[in-house]
Amino acid sequence: MKKNNLSNLNSIRKEIQRKQLVLIICITILLSAGGAFINLNINNKTLNQNLQNTAELITRLYSFTKNSSQNELCNYMDGVVKNLSDVDVISIVDLNGKRLYHTHHNLINTKYDGKIPDFKNHKNFYTESDIGPSGSQLRTYSAVYDENGNYSGFIMTIRLKTSIAAITTRILILFLIVTVAAILIEIIISGIIFSKIKKEFISFTEDFEGTKFLVDSMRANNHDFTNKLHVILGLVQIGEYDKAISYIQNISIIQRETISKVMNTIENPSFAALIVGKIARASECNVKFILNEGSCLKNSHITLPSEALVTITGNLIDNALDSMNMDSTKKDKELSLGVYSRPNELLIIVKDTGTGIEEELKDKIFEKGFSTKGEGRGIGLYHTKQLITSLGGRISVESEVGIGSCFMVNL
């Protein structure tokens, strides 16, 4: 049930992380798409205005070349086109529909058979889309007048749609790059944030699990304390007051020393709570629990999740207690736990004086469903080994029938 609850919490956390990430990406894409749309609209308006401004400039420049020869006009306007990056084609048409100049020289002196601009309903400059010899285009018509103010023709300043499409493509590519970069940055930042959240979550679950083990420990201690109260009550009832006082003093000292030793030896609070609880549980089972001298677990030495340490050690201790409880005739029941850590390495030793394991069964005890305790068992050691293996560790066992067993875990 505990594993299921933790798994459910992890699933909820991951689901929240996924949904928030998807939401961030969707918002980024929508903002980018909206920005691109607005930018393209502004660009189109700017393009129209720029083209009209350029057409006005070209019309004024042309007024200085009216008396030039055709070759001079051609050379002059070629230079104009070359220096104007936002113009692809210039076409000058006289009053008779003859092309006096065209960017494509093969059209010079040919008859213009396209649309005649309507300057009656428009001012001297206006822009519209059309199709000409160079293809689909955006063109600005500008009226040309002679020295007397008489209409003498018009100029078309043209931007090809292929050029406009290239600009649009560059804008979209730029927004795409910015969007992808923004999403990557958001994913990185999100990863950093959720990494911190994950650490806080793990810390919370560890504290939660530690609290649960402390509650279990309190329950076991409560049962053990009740037994001790019965002893004290019996001593008082038979008049052995001095023995009752001595007994109370002894159990108080033992309790304080036990908890103090565990807390000084084990830095991880969840793991320490587990050991305190198992000591009380062992006392209930009339088993002497020994925390080996030299045992030490420093948080700085390992980065393993507390849940994993608790699961592995808890299962091995429970298995040892079950083994010793199977033999009701055995008097000297003893369980020893050794925990030894150094940088990036941890050794856990659980030794009991239980029934032991037959030689031919040593290879089977870690198989799923195998148990000597009856049906519906055989899951604890299987899951313990699977967890140890997933953490890159190994587990081994030494055992002798009638003497006991010793499980060693290297992480």
For this session: Could you give log10 I(q)/I(0) at q = 0.13, 0.18, 0.20, 0.27 Å⁻¹ for segment 111-161, computed by the Debye formula over C-alpha point scatterers of equal weight, without solvent?
Result: -0.32, -0.59, -0.71, -1.11
Exercise. What fraction, in whole percent, of alpha-carbon pairs in segment 256-411 exceed 28 Å separation?
Worked result: 17
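Cβ neighbours within 10 Å, averaged per peptide: list 349-356, 28-35 in order, most packed at the top.
Details: 349-356: 21.1, 28-35: 13.2.
Packing proxy ranking, top to bottom: 349-356, 28-35.
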For this session: Determine the relative contact order of segment 2-168: mean sequence separation of Cα pairs under 8 Å and six or more apart, normalised by residue count, in whole percent.
Result: 20
For this session: In Å³ and rounded to a whole number, note down the convex hull volume per residue for the Cα atoms of segment 2-168.
Result: 145
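How many times 2.2 N^0.38 Å is the alpha carbon radius of gyration of segment 271-312?
Working: Rg = 12.1 Å, N = 42, 2.2 N^0.38 = 9.1 Å.
Normalised Rg, Cα atoms only: 1.33.
How large is the Kirkwood hydrodynamic radius of segment 277-354, counting all unique pairs of alpha carbons, in Å? Write out the running numbers ahead of the final one.
On the way: mean 1/r = 0.0754 Å⁻¹.
It works out to 13.3 Å.
Read-outs throughout are calculated quantities, based only on the coordinates presented, and are distinct from any laboratory measurement. As the structure is a prediction and not an experimental result, all values here were calculated from the model. When we count neighbours, we look across all protein chains shown, and the Cβ atoms used for this are built from the backbone with ideal geometry, even at glycine.
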